[in-house]
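The values are calculated or read from the model by the stated rules, or taken from the named source; none is laboratory data. These numbers were taken from a predicted model, which means no experiment stands behind them. We place every Cβ from the backbone using ideal geometry, glycine too, and count neighbours over all the protein chains shown. Ligands, DNA and RNA are excluded from the accessible area calculation, which covers all protein heavy atoms including side chains. Shrake-Rupley method; radii C 1.70, N 1.55, O 1.52, S 1.80 Å.
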Amino acid sequence: MKKTLLRLIVLVAAAVAASLGPSTLAKVIEVPPPAMSLAEESQAARDARMGWWREARFGMFIHWGVYSVAAGEWNGAPTKGAGEWIMNDMKIPGNDYGQLLHRFNPVHFDAQKWVHIAQAAGMKYIVITTKHHDGFCLFDSKFTDYDVMSTPFKRDIMRELSDAARQNGLKIGWYHSIMDWHDPDAQREETFATYEWRMRAQVSELLSNYGEIGVMWFDGEWIKQWNDQRGRNLYMLCRTLGPNVIVNNRVGKQRAGMSGFSKTGGFTGDYATPEQEIPQTVPPGLDWETCMTMNNTWGFKRDDNNWKSTTTLIRHLIEIASKGGNFLLNVGPTGEGDIPDASVERLQAMGRWMSVNGESIHGTTASPFNFPLSFGRCTQKPFDAAQGRPGKLYLHVLSWPGDRRITVPVRNTATKAYLLAQRDTPLQMQSKSEGIVIELPEKMPDPDATVIALEITGAPEVIAPAAAAATAPASPLKSTTRSGGTRPSTTAMRLSATTRTTPP
């Protein structure tokens with residue numbers, strides 16, 4: 001095949017480098033010397049690099065590969081696990097699983113269509129699986145024949161999707177698995193350095209051949225061969241090739257289970273990655289992102305129809321933004337290249353809500369209130385005296401009060417309150433000792449979540465409640481949907497917990 005000779009040369013070079021030790025191995029990948037250490041980036045530089053990501057708040061995750069052709073079934077038997085884990089869970093031999101390569105021909109794939117679906121939903125970035133744990137690559141790699149160019153499709157999907165994303169103003173990000181079930185060198189400690197060289201080479205391709213990349217989203221770091229030093233080296237490779245790229249914390253070894261936060265107080269990487277859950281509390285100033293499925297599984301699985309409702313998904317987005325996080329919501333396209341209709345319908349509904357209320361999500365920061373609000377959630381945009389911009393509190397009303405009043409516990413002077421759906425109709429307000437009381441219309445305009453913008457002078461001056469009064473309202477976000485994860489789980493999803501044991 002066209003890459004066989006080159007791959008043989010690469011394998012020989014990798015083997016020689018591995019035999020010479022880690023320092024030589026690091027030099028085999030031809031990149032400039034690291035421009036910084038992990039500790040050298042100033043807060044201002046970090047804020048500038050993270051700025052677009054913090055502004056975005058909402059992105060699309062895409063799990064797609066040859067497992068999408070299997071659609072959760074092998075030889076007539078359905079897998080009990082997630083679609084993308086079928087090779088592992090059904091113990092399919094590599095040669096048999098590899099035959100899916102010859103069936104991957106997604107003739108319906110349309111990069112522009114996918115991007116437009118994401119954009120219409122209010123999403124600002126896309127992260128797609130360049131390689132999942134099964135080792136199949138959706139891009140044209142010089143370091144393997146187990147890629148999209150060896151399928152009947154023979155088109156570099158990453159090229160088409162990255163171009164389409166940029167043309168429409170979205171950032172593109174790459175998911176890349178650290179583990180690899182297909183590569184025999186990845187299975188043993190004595191040959192892992194050889195595999196690591198190839199994996200680093202593919203990361204170099206992804207960061208060198210497709211223009212500026214917004215995010216490198218690693219996964220599979222729980223394998224025993226991976227360690228913190230390898231994670232730091234990989235992080236520095238990414239930042240050397242893409243100085244502005246943002247790297248998730250799964251590049252290192254410090255993730256504390258599915259909560260995605262660090263188990264030691266610090267981690268390699270730029271943000272934490274809770275999976276299938278929304279944390280109850282978040283440390284101040286931490287960058288984090290919840291990734292979640294719409295049903296149970298990440299990759300396409302034909303018989304998985306356990307879909308979350310639109311209301312649930314909208315309220316998840318609100319809950320996450322109110323805690324200063326991002327929401328990376330997954331779609332699992334079919335083997336033919338279609339995003340399932342059920343996913344599209346939900347994204348379209350979210351887009352309709354975002355078209356009215358998007359300013360309460362994009363560019364906002366966490367709620368100033370560290371205690372529950374009786375009516376729902378809050379996000380904010382800060383007061384800016386230099387720009388003459390008032391402070392705004394966005395009040396997401398999730399249950400309409402019987403007396404049609406909500407109290408916002410701040411001492412500030414309020415200048416204006418209005419529904420985002422009715423901007424030209426001011427709401428009546430009163431300043432009281434307990435805060436600003438806003439009079440609401442008789443009926444809740446949007447049962448998914450009605451948003452009120454409250455303009456105030458200065459930064460929020462919060463009125464803390466008495467301890468006895470600080471009782472949480474019933475959560476509007478409860479769900480009985482099972483957690484699918486990038487690693488299957490039968491555990492019921494906990495929307496306000498930070499524990500889960502199965503890795504992705």
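Listed by first and then second residue, the pairs with beta-carbon distance under 8 Å, at least 6 apart or on different chains, first residue in the stretch 388-410 and farther than 17 Å from Glu442 by Cα, second polar (S, T, N, Q) and open to solvent by 20 Å² or more (accessible area, probe 1.4 Å), are Pro390/Thr415; Pro390/Thr457; Gly391/Gln380; Gly391/Thr457; Lys392/Gln380; Leu393/Gln380; Tyr394/Gln380. Listed by position, the strands (runs of 3 or more DSSP E) contained in the stretch 413-471 that have at least 2 residues being among the charged types (D, E, K, R) are 422-426.
Listed residues Phe192, Phe218; which is among the aromatic types (Phe, Trp, Tyr), more than 19 Å from His63 (Cα to Cα) and open to solvent by less than 20 Å² (accessible area, probe 1.4 Å)?
Working: Phe218 fails: more than 19 Å from His63 (Cα to Cα).
Selected residue: Phe192, the only one of Phe192, Phe218 that is among the aromatic types (Phe, Trp, Tyr), more than 19 Å from His63 (Cα to Cα) and open to solvent by less than 20 Å² (accessible area, probe 1.4 Å).
Of all residue pairs spaced 6 or more apart or on separate chains, those with beta-carbon atoms under 7 Å, a first member in the stretch 304-325 that is more than 19 Å from Asp446 (Cα to Cα) and a second member that is modelled with pLDDT of 95 or more and among the acidic types (Asp, Glu) are Gly325/Glu289.
When Asp180, Asp140 are checked against the criterion of being under 22 Å from the mean Cα position of the chain (by Cα) and either closer than 26 Å to Lys224 by Cα or part of a loop (DSSP other than H, G, I, E, B) (or both), Asp180 stands alone in meeting it.
Of the residues examined, Trp298 is not one that is open to solvent by less than 30 Å² (accessible area, probe 1.4 Å) and over 16 Å from Ile339 (Cα atoms).
Residue-wise test of (1) of a type in the set (Phe, Trp, Tyr); (2) surrounded by 14 or more Cβ atoms within 10 Å (Cβ to Cβ); (3) within 29 Å of the chain's Cα centre (by Cα); (4) farther than 30 Å from Ser433 by Cβ.
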{"site": "Val344", "(1), (2), (3), (4)": "no, yes, yes, yes"}
{"site": "Val356", "(1), (2), (3), (4)": "no, yes, yes, yes"}
{"site": "His362", "(1), (2), (3), (4)": "no, yes, yes, yes"}
{"site": "Asp384", "(1), (2), (3), (4)": "no, no, no, no"}
{"site": "Gln387", "(1), (2), (3), (4)": "no, no, no, yes"}
{"site": "Gly391", "(1), (2), (3), (4)": "no, yes, yes, no"}
{"site": "Val397", "(1), (2), (3), (4)": "no, yes, yes, no"}
{"site": "Asp403", "(1), (2), (3), (4)": "no, no, no, no"}
{"site": "Arg411", "(1), (2), (3), (4)": "no, yes, no, no"}
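Yes or no: the stretch 330-342 includes at least one residue that is at positive phi and either hydrophobic (A, V, I, L, M, F, W, C) or open to solvent by less than 10 Å² (accessible area, probe 1.4 Å) (or both). Let's see the steps before the verdict.
Restricting attention to the stretch 330-342, the residues satisfying the condition of being at positive phi are 337.
Those still in the list that are either hydrophobic (A, V, I, L, M, F, W, C) or open to solvent by less than 10 Å² (accessible area, probe 1.4 Å) (or both) too: 337.
Yes, there is a match, as at least one residue in the stretch 330-342 is at positive phi and either hydrophobic (A, V, I, L, M, F, W, C) or open to solvent by less than 10 Å² (accessible area, probe 1.4 Å) (or both).
Among residues of the stretch 336-357 that are within 17 Å of Ile62 (Cα to Cα), those with a beta-carbon under 8 Å from a residue that is of a type in the set (D, E, K, R) at least six positions away or on a different chain give the pairs Gly337/Asp110; Arg346/Lys308. Ala165 passes every criterion in (1) within 21 Å of the chain's Cα centre (by Cα); (2) aliphatic (A, V, I, L, M); (3) not in a helix (DSSP H, G or I) apart from (3).
Of all residues in the stretch 222-255, those satisfying the criterion of being in contact with a helix residue (DSSP H, G or I) (Cβ under 8 Å, 6 or more places away or on another chain), open to solvent by less than 10 Å² (accessible area, probe 1.4 Å) and in a loop (DSSP other than H, G, I, E, B) are Val245, Gly252. The requirement of being open to solvent by less than 10 Å² (accessible area, probe 1.4 Å) and closer than 25 Å to Thr273 by Cα is fulfilled nowhere in the stretch 87-109; no residue meets it.
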